[in-house]
Amino acid sequence: TKAKAFAASKDLKDRMKSLGISGPPVIDFLEAALNDTSHILSTTRSMVRQKVKDWDAWKKEFDSHKQARMDAGLEDRVVAHTAGDTHNVTVVFAVTDQAKADAFMNSDDLKNKMKAAGVMGAPDFYSYKVVQKY
């Protein structure tokens, strides 16, 4: 409750504005099925947000495709859905080979797997760097 109040607070909005952030933030509270904090040398991350028809069906397809992700230079870090809503899924990967990861993210193999998994609409892809670990 406190975290949700902080995320919606005027203080946070004012602070973000003072830092030059112009658009509204997207803040999700997630329930993680996987949260791997093991040591990975790569600080590059890729995050995918997607809507799915059924969490259990999606998770089964996702799990069956792990080797393909690993071969593409992607290591699972977080697999989660929005708290209280299993239709909104977020996945975070550590990227160990950017060229392979880019090719995989644009591949027919991934598109077909997402379709089979019940992904609805186009997913949102984000990339970022971890600059500090806490």
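The values are calculated or read from the model by the stated rules, or taken from the named source; none is laboratory data. In this text the structure is predicted, and so the values were computed from the model without any measurement. Quick reminder, even Gly has a Cβ in these numbers, built from the backbone with ideal geometry, and neighbours come from all protein chains shown. Note: areas computed on protein heavy atoms with side chains; ligands, DNA, RNA excluded. Shrake-Rupley method; radii C 1.70, N 1.55, O 1.52, S 1.80 Å.
Here's the list of aspartates and glutamates a cross-link from Lys53 could span, going by alpha-carbon distance under 18 Å and ignoring same-chain residues fewer than 8 apart: Glu31, Glu61, Asp63, Asp85, Asp124.
Could you calculate, for segment 1-67, the ratio of the Cα radius of gyration to the Kirkwood radius, expressed as Rg to Rh? Walk me through the intermediate numbers first.
Numbers: Rg = 16.8 Å, Rh = 15.8 Å.
Reported Rg/Rh, Kirkwood definition of Rh: 1.07.
Look at (1) 0.99; (2) 0.95; (3) 1.03: the one that is Rg/Rh (Cα atoms, Kirkwood Rh) derived from this structure is (1).
Label-to-label distance, Ala3 versus Asn106, with points set 7 angstrom from Cα along the beta-carbon direction: 3.5 nm.
Under 21 Å of direct C-alpha separation, and excluding same-chain neighbours fewer than eight residues apart, Lys51 reaches these lysines: Lys59, Lys60, Lys66, Lys111, Lys113, Lys115. Specify the inter-centroid distance of segment 52-117 and segment 20-39, based on alpha-carbon positions, in whole Å. Answer, in whole Å: 16. Rank Ile21, Gln67, Thr37 by how far each Cα sits towards the positive end of the charge dipole of the chain (+1 on Lys, Arg Cβ; -1 on Asp, Glu Cβ) and give me just the farthest. Of the options given, the answer is Ile21.
Whenever you get a sec, compute what percent of the accessible area on the chain sits on carbon and sulfur atoms (1.4 Å probe). Of the solvent-accessible surface of the chain, carbon and sulfur hold 55 percent. Dipole check for the chain: with +1 at the C-beta of Lys and Arg, -1 at the C-beta of Asp and Glu, and the Cα centre as origin, the magnitude is about 480 Debye.
Keeping all protein chains in place, calculate the accessible area per residue for the chain (probe 1.4 angstrom), answer in Å². Numbers along the way, then the final one.
Numbers: 8850 Å² over 134 residues.
In whole numbers, the chain has 66 Å² accessible per residue.
Result for the chain in a Gaussian network model with C-alpha springs under 10 Å: among Ala57, Ala80, Ala101, the largest mean-square fluctuation is at Ala57.
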